[in-house]
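K.L.:
Pasting a structure below so you can have a look.
The values are calculated or read from the model by the stated rules, or taken from the named source; none is laboratory data. None of these values were measured; they are calculated from a predicted model. Every residue, glycine as well, gets a Cβ built from its backbone with ideal geometry; the counts of neighbours run over all protein chains shown.
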Amino acid sequence: MAVGSLLILPGDGIGPEVMDEVCRIIEWFEKKLDVEFEKKFDDVGGAAYDKYGTPLSDETLRIANEVDAILLGAVGGPKYDNLEFSLKPERGLLKLRKELDLYSNLRPAQCFDALSDYSSLKPNIVSGLDIMIVRELSSGSYFGEPRGIEKSKTGERYAVNTTYYSESEIERVAISAFEIASKRSKKVCSMEKANVMEVGVLWREVVQKIRDRDYPEIELSHMYADAGAMQLVRWPKQFDVIVTDNLFGDLLSDCAAMLTGSLGMLPSASLGNKNANGKLKAMYEPVHGSAPDICGKGLANPIACILSFSMALKYTFDLKKEAELLDKSVERVLSKGIRTADLLQKENQKPSSTKEVCDEILNELNIQL
Ligand code: IPM
Ligand code: MG
């Protein structure tokens, strides 16, 4: 049965390595279950710059607009450090987010039982942790105008970025967070800096207004983002859904990732409005970056990217059982003690390679089926 189309953009650094493993998982689903994906492959980031002279070609963007979901590996690397700003690999990723208007970025931070003593925090603080960060992704400091590096009258250079949010931009991400919370424990904490930024004042007001008007059953709290960061490492289990802006969400989600043991574990889904065939525009990518230091060594953890595919099964293709099967298989592999190097902490323990971890997940999928 054809379930939909996928654009696969492995990108740079460890992106292609982890995406290779995701492709083996996709093949498994196609072979063993009644599903079939129409797959297209292309480049983004530095890989696209090398091939097309731009980090995101118009043709790639056209295809991205047509498919049901995009799977992206990672972008960036030292090779591209000296490129002009508009040609840098990250611009490709940011253009995809902006052009597809992917405003709601879901970053679940879940601590698998087998990893509760791998976090930098004490096991009792992270065991059973399951929070969802909803990061606004298409506005804020990442895209606000004016921006740039200029020269003042005295000849001194200065740089400007603008944090911009309209009411409707805040409203739609708040709605997204409340909808998610409705299916979880009905608790949302909104984070901003209303004590120093007008954007924070408006953010707080609009989020509260949407809650009072349409989601009275949701328990909503507000926190300044700096206090939120502190609370996230002090007692993360006080949170369920956190909604925050683009820049704070970038920082808080890296922090939350580390609570779960490694940045190599965290998937994400970026969702927008409905497209022509009634599905939400969507891109799935691991929260980790391109990790150039370990690229090509078989050391990368493929789990964040594999779990991102699982989110695609759930959120785009409505294949919840299949997503659960995949999540369960990952969990079982971890509980067997199989880990890539990012998760190793005991001396003399030999890490599994990227491919070996995926072999084990495939093995578990076969057992669980
Ligand atoms: C992320 C990444 C990106 C971001 C980079 C690669 C542009 O850190 O998805 O969190 O800053 O949003
Ligand atoms: Mg980040």
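K.L.:
So if I check each of 325, 319, which one is out of contact with any Lys or Arg (no Cβ under 7 Å at 6 or more places or on another chain), over 28 Å from residue 174 (Cα atoms) and touching a residue at least 24 places away in the same chain (Cβ under 8 Å)? Talk me through it step by step, then tell me what you get.
P.N.:
Details: 319 fails: over 28 Å from residue 174 (Cα atoms).
Sole residue among the options that is out of contact with any Lys or Arg (no Cβ under 7 Å at 6 or more places or on another chain), over 28 Å from residue 174 (Cα atoms) and touching a residue at least 24 places away in the same chain (Cβ under 8 Å): 325.
K.L.:
On to the next question. Hey, can you tell me all the residues within segment 76-91 that are of a type in the set (Gly, Ala, Ser) and either surrounded by fewer than 14 Cβ atoms within 10 Å (Cβ to Cβ) or not in a loop (DSSP other than H, G, I, E, B) (or both)? Walk me through it before giving the result.
P.N.:
From segment 76-91, those of a type in the set (Gly, Ala, Ser) are 76-77, 86; that's our starting set.
The answer is 86, and nothing else.
K.L.:
Taking the condition surrounded by fewer than 19 Cβ atoms within 10 Å (Cβ to Cβ) and among the basic types (Lys, Arg), does residue 274 pass?
P.N.:
Working: surrounded by fewer than 19 Cβ atoms within 10 Å (Cβ to Cβ): yes; among the basic types (Lys, Arg): yes.
Considered against the rule, which asks whether it is surrounded by fewer than 19 Cβ atoms within 10 Å (Cβ to Cβ) and among the basic types (Lys, Arg), residue 274 comes out as yes.
K.L.:
Let me ask something else. Which helices (runs of 4 or more DSSP H) does segment 1-75 wholly contain that include 1 or more residues that are closer than 16 Å to residue 285 by Cα? Don't jump to the end; show me each part of the working.
P.N.:
Values: elements: 15-32, 46-52, 58-66.
The helices (runs of 4 or more DSSP H) meeting that bar are 15-32, 58-66.
K.L.:
Right, next: Condition (residue is away from ligand 2 (no atom under 16 Å from the Cβ), farther than 21 Å from residue 307 by Cβ and surrounded by fewer than 17 Cβ atoms within 10 Å (Cβ to Cβ)) applied to segment 8-29: is it met by at least one residue?
P.N.:
Looking for residues that are away from ligand 2 (no atom under 16 Å from the Cβ), farther than 21 Å from residue 307 by Cβ and surrounded by fewer than 17 Cβ atoms within 10 Å (Cβ to Cβ), one finds none in segment 8-29, hence no.
K.L.:
For the condition within 16 Å of ligand 1 (Cβ to nearest atom) and surrounded by 20 or more Cβ atoms within 10 Å (Cβ to Cβ), what is the one hit in 352, 262? Before the answer, list the steps.
P.N.:
Numbers: 352 fails: within 16 Å of ligand 1 (Cβ to nearest atom).
The conditions single out 262.
K.L.:
Separate question: Looking only at segment 102-134, count how many residues are charged (D, E, K, R) and either in contact with an Asp or Glu (Cβ under 7 Å, 6 or more places away or on another chain) or part of a helix (DSSP H, G or I) (or both).
P.N.:
Of the residues in segment 102-134, 1 are charged (D, E, K, R) and either in contact with an Asp or Glu (Cβ under 7 Å, 6 or more places away or on another chain) or part of a helix (DSSP H, G or I) (or both).
Conditions (1) closer than 13 Å to residue 107 by Cα; (2) part of a strand (DSSP E or B), marked per residue:
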position: 216; (1), (2): no, no
position: 222; (1), (2): no, yes
position: 226; (1), (2): no, no
position: 230; (1), (2): no, no
position: 233; (1), (2): no, no
position: 247; (1), (2): no, no
position: 253; (1), (2): yes, no
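K.L.:
Kindly indicate whether any position in segment 326-334 is at pLDDT 95 or above, part of a loop (DSSP other than H, G, I, E, B) and within 19 Å of residue 119 (Cα to Cα).
P.N.:
no
K.L.:
Further question on the same structure: Return yes or no: is residue 120 of a type in the set (Gly, Ala, Ser), within 16 Å of ligand 2 (Cβ to nearest atom) and closer than 29 Å to residue 184 by Cα?
P.N.:
Criteria not met by residue 120.
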